[in-house]
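The values are calculated or read from the model by the stated rules, or taken from the named source; none is laboratory data. Here the structure is a predicted model, which is why all the values come from computation and not from measurement. We place every Cβ from the backbone using ideal geometry, glycine too, and count neighbours over all the protein chains shown. Just the protein is used for accessible areas: all its heavy atoms, side chains included, with ligands, DNA and RNA removed. Shrake-Rupley method; radii C 1.70, N 1.55, O 1.52, S 1.80 Å.
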Amino acid sequence: MKVDGKPYRTIWLTPNGTTVQVIDQTLLPHDFVVRDLDTVEDAELAIRTMIVRGAPLIGAAAAYGMALAIAEDPSDAMLERAYTLLLESRPTAVNLRWALDDMRALLSPLPPAKRRDAAYRRADEICDEDVEICRRIGQHGLVEIRRIAARKPSGATINALTHCNAGWLATVDWGTALSPIYQAHDAGIPIHVWVDETRPRNQGASLTAWELGKHGVPHTVIADNAGGHLMQHGKVDFCVVGSDRTTRRGDVCNKIGTYLKALAAHDNGVPFYVGLPYPTIDWTIEDGHRDIPIEERSARELSHMMGRTESGEMATVAVLPGGSPAANPAFDVTPARLVTGLITERGVCAASEAGLLSLYPEQSKAA
Ligand code: MRU
């Protein structure tokens, strides 16, 4: 997507063929800064501290992290060390494990002298594949948006609601949940997005609002608590969110607060869609509540907020009474029964094992 007219992806290789560059998402929307990742430790830090975040981008960064490790030392010992280091950087998004398994399976049988080039090549491919997958998610989601538009008076604005950031900043390009929205907007469909601010890290207010604005998509930021009220008043035509891990039965793990939006959508008859690429599906688990590790992040993300003061400086302020403890689970699980449809690169399916297997028959236990 474009930033001030210049096309960007969220992660890329510099012309020297070794250094990886990423957009520092901790500084958005106030500053647009590109950071170099030169070592596997840099990649791990970028994932852990959320310089890069969003399940597909975490996977892409991990793939390049493996390449950076192998460029430094192509030994088996380094391969294992890099795998473990990166795997522990964030626990919930399964794209991380998917990318690391993919890289290790490719590199491990190769003689060390051949590993460097193969690692960079595969990391590049993972990124290109993610772009194509997200483009297709957008195309399939666009069909659903056209269906919703057909039920409204001709030319009426369609109101979407999204939570967290599942746009191009969370992937390599296009986004998952936001790809259908970009494609609808580009096709001339009048669409407006209610953007949940998404406390405590504010990915909606800081990232989703920023990228929608840069692309010219009409949007309004709302407090996380406003969505249910808007749905009760008929102001939301559909919800669409991303996912960090979806089980083979269609339970959807996503940013904390997603579940509450799904409950409100269900109560109000508002369709609730999830956009996700195949590496987000964890075929090894069925029950999202039981089996998905939920990341617990620092209480400081709740107790303090960062922003730009009126005089233009960045500042961090405390918002809790000193001494009040805070708990910060970063994700929740929306049960499959609350999900209207999963929008994947292969099409839209019911959030169920049968639905997913209709699109991915190769994952059937009998196959
Ligand atoms: O903690 P984050 O910012 O990495 O969480 C991101 C989300 O929850 C996204 O909605 C999810 O990864 C889907 S991204 C396409």
*Residue by residue through segment 105-147, note down the ones that are within 18 Å of L178 (Cβ to Cβ) and open to solvent by 10 Å² or more (accessible area, probe 1.4 Å).*
D130, V131, E132, I133, R135, R136, Q139, H140, L142, V143, E144, R146
*Going through segment 143-165 one residue at a time, which ones are in a loop (DSSP other than H, G, I, E, B) and over 24 Å from the mean Cα position of the chain (by Cα)?*
R151, K152, P153, S154, G155, A156, T157
*For segment 314-330, name all the residues that are modelled with pLDDT under 95 and not in a strand (DSSP E or B).*
G322, G323
*Return the only residue of P335, P361 being at pLDDT 95 or above, under 19 Å from H289 (Cα atoms) and open to solvent by less than 80 Å² (accessible area, probe 1.4 Å).*
P335
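Criterion first (of a type in the set (V, I, T), touching a Leu at 6+ places or on another chain (Cβ under 9 Å) and more than 13 Å from the ligand (Cβ to nearest atom)) does V221 satisfy it? Before you say what the answer is, go through the steps one by one.
Numbers: of a type in the set (V, I, T): yes; touching a Leu at 6+ places or on another chain (Cβ under 9 Å): no; more than 13 Å from the ligand (Cβ to nearest atom): yes.
Here the answer is no, as V221 does not meet what is asked.
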*Any hit, segment 298-317, residues being under 15 Å from N254 (Cα atoms) and open to solvent by 70 Å² or more (accessible area, probe 1.4 Å)*: no
*asked:* Suppose the filter is charged (D, E, K, R) and surrounded by 15 or more Cβ atoms within 10 Å (Cβ to Cβ); does D42 pass it?
replied: yes
*Which condition number does P74 fail, the rest of (1) part of a loop (DSSP other than H, G, I, E, B); (2) closer than 30 Å to N165 by Cβ being met?*
(2)
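What tally of residues in segment 266-285 results from selecting those that are more than 16 Å from the ligand (Cβ to nearest atom) and either touching a Phe, Trp or Tyr at 6+ places or on another chain (Cβ under 9 Å) or at pLDDT below 95 (or both)?
Of the residues in segment 266-285, 4 are more than 16 Å from the ligand (Cβ to nearest atom) and either touching a Phe, Trp or Tyr at 6+ places or on another chain (Cβ under 9 Å) or at pLDDT below 95 (or both).
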*asked:* Just to verify a result, which residue in segment 29-82, among those that are of a type in the set (V, I, T) and farther than 18 Å from D117 by Cα, is nearest to the ligand (Cβ to nearest atom)?
replied: I58
*Residue list for segment 214-239, filter: aromatic (F, W, Y) and open to solvent by 60 Å² or more (accessible area, probe 1.4 Å)*: none
*Might you let me know whether segment 96-104 holds any residue that is free of Cβ contacts under 8 Å to residues at least 12 places away in the same chain, open to solvent by 70 Å² or more (accessible area, probe 1.4 Å) and within 16 Å of the ligand (Cβ to nearest atom)?*
yes
*Members of segment 166-199 found to be open to solvent by 20 Å² or more (accessible area, probe 1.4 Å) and either under 11 Å from K255 (Cβ atoms) or not in a loop (DSSP other than H, G, I, E, B) (or both), listed by number*: Q183, H185, D186, H192, W194, R199
